[in-house]
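Okay, structure first, notes after.
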Amino acid sequence: MTGAAAREVRFGFGDNWQRFLRGLTPERIERAEASFRQMLGRDRLDGERMLDIGSGSGLSSLVGWRLGAAVHSFDFDPLSVACTAELQRRFAAGDPRWRVEQGSALDPAYLARLGAFDLVYSWGVLHHTGAMWRAVELATQRVAPGGTFWIALYNDQGWISRYWHAVKRCYNTGIAGRAAMTALHAPYLLGVRAAVRAAQGRLELERGMDLWHDMRDWLGGMPFEVARPAEVTARVEAWGFRKERELLCGTRHGCNEFVFRRA
Ligand SMILES: C[S@@+](CC[C@H](N)C(=O)[O-])C[C@H]1O[C@@H](n2cnc3c(N)ncnc32)[C@H](O)[C@@H]1O
């Protein structure tokens, strides 16, 4: 990683994932699998190759593997790699159908060596690289003809996104910044969110996440870039894809999700 991307403050994602894995239950894995199948629009991935860029905890890679894909997972953060490798050991020890490595979404030589995949999946990652559009472009190049490209990128909320950027900078200054930003935002990110979700009967988060680790990831996640849905669609379609599905978060903070197919 070079230039501005290398100089950006970086959040320790892997540390958060290690804590998250301690509470990973079979129910959470089932929930992650259900939301994966729903967004993908398919129940199985037998015989397909899946690339998980920025695998984090490894939960999505695990889901892809359970659905029958041959999975290649990589992440930039060694602790995230260790988390994914831990899930690989727990559920697929010795199975060559799931490989885990350290690598960067911004390293063209590394990516080129991986070859082409039927499904390139990168959920909540490319906006944390420090060079989002370059990372999106490089990821599209790994999709085989007719293959699927599935990404989730932070929603651009204008000045609100700039506010969150300042919050993240403060969170990453040290213990005091972390404590202050958590105390300031937990009433909304934990309290209000939990109350609203409970009232709607969906207290458990989609994708097997939980509110506490989701909050830490959100408050700390740096580098941080955002994108408007129309821009994502325009750019990716210009690289030879057609959008099949999208799940937008509207005016709220969080990720917009897109599933494209390579022409
Ligand atoms: C918010 S987490 C998302 C993890 C996982 N995809 C998920 O959906 O739970 C972002 C991940 O992107 C990884 N990441 C950040 N920059 C990266 C890069 N240049 N190459 C690969 N992974 C990167 C982080 O280490 C972290 O594990």
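The values are calculated or read from the model by the stated rules, or taken from the named source; none is laboratory data. Source: prediction; values computed, not measured. Don't worry about glycine lacking a Cβ; one is built from the backbone with ideal geometry, like all the others, and counts go over all protein chains shown.
Scanning segment 51-62 finds one or more residues that are within 13 Å of the ligand (Cβ to nearest atom), of a type in the set (A, V, I, L, M), in contact (Cβ under 8 Å) with a residue 40 or more places away in the chain and within 17 Å of Leu126 (Cβ to Cβ). Meeting the requirement of 1 or more residues that are within 23 Å of Leu138 (Cα to Cα) and of a type outside the set (A, V, I, L, M, F, W, C), the helices (runs of 4 or more DSSP H) wholly within segment 188-253 are 229-238.
Do we find that Thr148 is within 18 Å of the chain's Cα centre (by Cα), among the β-branched types (Val, Ile, Thr), farther than 24 Å from Asp210 by Cβ and within 15 Å of the ligand (Cβ to nearest atom) in this structure? Against the criterion (within 18 Å of the chain's Cα centre (by Cα), among the β-branched types (Val, Ile, Thr), farther than 24 Å from Asp210 by Cβ and within 15 Å of the ligand (Cβ to nearest atom)), Thr148 does not qualify. Identification of helices (runs of 4 or more DSSP H) wholly contained in segment 1-94 with 3 or more residues that are modelled with pLDDT of 95 or more yields 26-40, 59-66, 78-92. Residues of segment 110-154 that are among the β-branched types (Val, Ile, Thr) and under 20 Å from Arg245 (Cα atoms): Val120, Val125, Val136, Thr140, Val143, Thr148, Ile151. Segment 96-187 holds helices (runs of 4 or more DSSP H) entirely within its bounds, and those carrying 1 or more residues that are more than 22 Å from Val71 (Cα to Cα) map to 132-140, 159-171, 175-186. Gly94 passes every criterion in (1) away from the ligand (no atom under 14 Å from the Cβ); (2) within 22 Å of Glu244 (Cβ to Cβ) apart from (2). Of the set (1) more than 16 Å from the chain's Cα centre (by Cα); (2) charged (D, E, K, R); (3) within 12 Å of the ligand (Cβ to nearest atom), all apply to Arg113 but (3).
Counting only residues that are over 21 Å from Gly158 (Cα atoms) and either charged (D, E, K, R) or surrounded by 15 or more Cβ atoms within 10 Å (Cβ to Cβ) (or both), segment 241-263 holds 9 of them.
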